[in-house]
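Notes follow once the structure below has been shown.
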Amino acid sequence: MASTLPDPHEVPPSPRPAHREEPPRTGGTVRVEAHGIDHIPEHERHGHPRRLFSVWAAANVNYLSLVIGGTLILMGLTLWQALAVIVTGNLFWSLTGLLAISGPAAGAPSEVITRAMYGIRGNRVNNAVVGWMISVAYFALNLAAAATAAFSLVEKTGVTAGTGVKIAVVLAVAALTLTIGVYGHATILRLYLPITLVLAAVFAVVAVRVFQHADYSYAPAEPLTGAPLWTALISGVTLVGSAPLSYTTSADFSRYLPRTTSAGAVLGWTALGGFVPGVAVCSLGALAATAVDMTDPQAGLQRILPGWFDPVFLLALVLGTIALNALTSYSAGLALQAVGIRIRRSRSVIVDGAAAVSLTLYALLVSDFLDTVSNVLQLTVVLLGPATALYATDILLRRNRYDGPALMDETPAGPFWYTAGVSPAGALALTGGVTAAALCVDTAYTGPVAHALGGMDLSLPVGIVTTSLLYVALTRATGGARAPR
């Protein structure tokens with residue numbers, strides 16, 4: 001069985017590695033992060049959880065959030081219904097924050113911590129599907145969103161954005177994104193506070209213009225009522241909630257914090273970093289949709305933004321999406337290692353980028369972008385809702401006590417080998433939750449339960465509740481997921 005520990009050339013075997021990540025506060029030379037999925041020793045941990053706020057805030061001031069906010073109005077909701085959906089959907093950031101507290105406890109990324117839930121071999125399948133494939137899909141969607149803004153920016157210079165130009169733009173944006181992902185954790189911490197401040201300033205200007213033009217009493221010509229209204233509300237919450245639920249890897253960015261770091265602070269700063277910009281930017285998209293046509297958000301917003309500001313706004317959209325995708329590519333690289341492939345983290349990030357670029361070009365050149373976004377985001381919740389619920393339930397059952405060095409033991413004699421390398425409780429609970437969610441989904445396909453309910457998509461709540469209940473019952477029956485004495 002191949003080890004998933006990093007290449008020995010990447011992390012020297014000495015007690016204090018010579019090539020290690022510099023603490024961000026020192027102002028030293030930025031280096032490629034030495035660690036992959038290995039355990040972070042206590043002497044290399046540093047920082048304060050408040051730094052997590054800018055990490056998540058920079059990643060969530062992005063074009064896709066504007067698109068989602070506008071989509072809620074296009075679905076037939078009133079403005080105030082859309083705003084209620086936005087707040088409700090973004091409450092799922094509390095789950096992202098909860099998962100992040102396992103990082104300091106274990107000194108390991110989420111991709112390794114989940115060995116406690118699925119077993120060594122079971123976790124490889126989990127990382128291949130939930131960790132890598134979905135991360136690459138999100139990378140591609142966000143890259144497509146950034147590229148559409150970049151296309152408009154290129155055309156303002158007088159260059160026609162033909163197929164060749166579009167491919168070149170996608171590759172350029174991907175290269176910038178992957179550079180951050182390759183350099184890793186310390187670089188992310190250094191860059192994301194100034195990125196957050198820049199994006200906040202740009203979107204403040206957008207907000208002023210949107211507030212001036214928005215119709216605060218907006219309602220569609222034929223308001224939704226009864227079952228169609230509930231269908232739209234639930235679908236909207238699923239659409240908005242898909243963003244925080246996509247971060248089942250939030251421990252990746254908290255694992256360098258000292259083990260004694262307050263769990264409440266990690267949860268709070270992570271959740272706020274996603275919730276505040278998530279609500280703000282999605283709300284701007286919804287407000288703008290009451291005044292302009294958001295089927296083409298860039299063209300629509302150009303009608304209310306001053307002409308001189310339009311290039312600045314487009315650059316901000318690209319920058320925000322680069323920040324978001326750098327986190328995604330970083331975690332996808334760790335997931336590829338955790339699958340069992342012996343590859344350096346920096347190289348695995350590049351592999352992820354190549355796959356995402358291919359999907360992006362398909363989404364932009366072949367498929368309809370808005371339809372692709374809506375279908376993919378809602379469909380991935382069938383997997384992400386149960387996966388997040390299982391992880392969160394395990395943290396609560398273990399009282400967030402994870403043995404980082406023990407999680408590195410991949411041998412049959414290790415504590416997380418379970419049965420033939422698979423934890424029956426985790427595997428069965430996730431399978432049951434995903435199956436229940438799939439029966440209730442209504443997006444790219446309609447499940448039998450959704451069909452019986454007239455298209456009402458209950459996949460998110462059903463998947464979460466089913467998985468949590470199954471996991472609690474199965475761990476009690478098998479004696480798993482207990483906190484160590």
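The values are calculated or read from the model by the stated rules, or taken from the named source; none is laboratory data. In this text, all values refer to a predicted model and were calculated from it rather than measured experimentally. Don't worry about glycine lacking a Cβ; one is built from the backbone with ideal geometry, like all the others, and counts go over all protein chains shown. These accessible areas exclude ligands, DNA and RNA; they are computed on the full protein's heavy atoms, side chains included. Shrake-Rupley method; radii C 1.70, N 1.55, O 1.52, S 1.80 Å.
Over the chain, DSSP H runs of length four or greater, each weighted -39,500 (n - 2.57), average out per residue to a 222 nm ellipticity of -21000 deg cm²/dmol.
By how many degrees, 0 to 90 and rounded to 10, does the Cα axis of helix 345-365 deviate from the longest principal axis of the chain? That helix lies at roughly 30 degrees to the long axis.
Relative to the Cα centre, the charge distribution of the chain, modelled as +1 at Lys and Arg Cβ and -1 at Asp and Glu Cβ, gives a dipole magnitude of about 1340 debye.
Sequence-ordered 3J(HN,Hα) estimates for the range 162-178 from the Karplus curve with 6.51, -1.76 and 1.60 and θ = phi - 60° stand at x, 4, x, 5, 4, 4, 5, 5, 4, 5, 5, 5, 4, 5, 5, 4, 5 Hz, glycine and proline given as x.
Judged by the ratio a/c of the largest to the smallest principal axis of the C-alpha gyration tensor, the range 323-471 counts as oblate, that ratio being 1.5 or greater while a/b is no larger than b/c. The share of accessible area on the chain that comes from carbon and sulfur is 66 percent, using a 1.4 angstrom probe.
Phi angles of the range 396-408 translate, via the Karplus equation with coefficients 6.51, -1.76, 1.60 and θ = phi - 60°, into HN-Hα couplings of 5, 5, 8, 6, 6, 10, 10, 8, x, x, 5, 5, 7 Hz per residue; Gly and Pro are given as x. If R0 is 30 Å, the Cβ-Cβ spacing of Leu197 and Ser262 corresponds to a FRET efficiency of close to 0.75. Simple point charges give the picture: +1 on the Cβ of Lys and Arg, -1 on the Cβ of Asp and Glu, and for the range 274-413 a dipole about the Cα centre of about 500 debye. Each principal axis of the Cα cloud of the range 389-462 was taken in turn, and the coordinate range along them, longest first, works out to 50, 26, 17 Å.
In a fully extended conformation the segment linking Val208 and Arg342 would gain 43.2 nm over its present Cα-Cα distance, using 0.36 nm per residue. Between Ala84 and Val159, what is the FRET efficiency for a Förster distance of 60 Å, r being their Cβ-Cβ separation, to the nearest 0.05? After rounding to 0.05, the efficiency reads 0.90. Under the combined filter of DSSP loop state and at most 11 neighbouring Cβ atoms within 10 Å, the range 175-284 retains these chymotrypsin sites (Phe, Trp or Tyr not before Pro): Tyr216. Can you tell me the 0 to 90 degree angle between the C-alpha axis of helix 226-245 and the longest principal axis of the chain, rounded to 10? In the chain, helix 226-245 runs at an angle near 50 degrees to the longest axis. Accessible area per residue for the range 164-205 is 40 Å², calculated with a 1.4 Å probe on protein heavy atoms, without ligands, DNA or RNA. Pairs of C-alpha atoms in the range 420-485 farther apart than 16 Å represent 52 percent of all such pairs. Values [x] 54, 24, 19; [y] 48, 25, 19; [z] 36, 28, 19 are given for comparison; semi-axes √(5λ) of the Cα gyration tensor in Å, derived from the coordinates here, is the one labelled [z]. Solvent exposure of the range 89-148, expressed per residue, is 18 Å² of accessible area, with all protein chains present and a 1.4 angstrom probe. Taking all Cα pairs closer than 8 Å and separated by 6 or more residues, the relative contact order of the chain comes to 31 percent. When peptides 428-439, 235-246 are sorted by average Cβ neighbour count within 10 Å, with the highest value leading, the order is 235-246, 428-439. Distance from the C-alpha centroid of the range 432-446 to that of the range 289-327: 33 Å, rounded to the whole angstrom.
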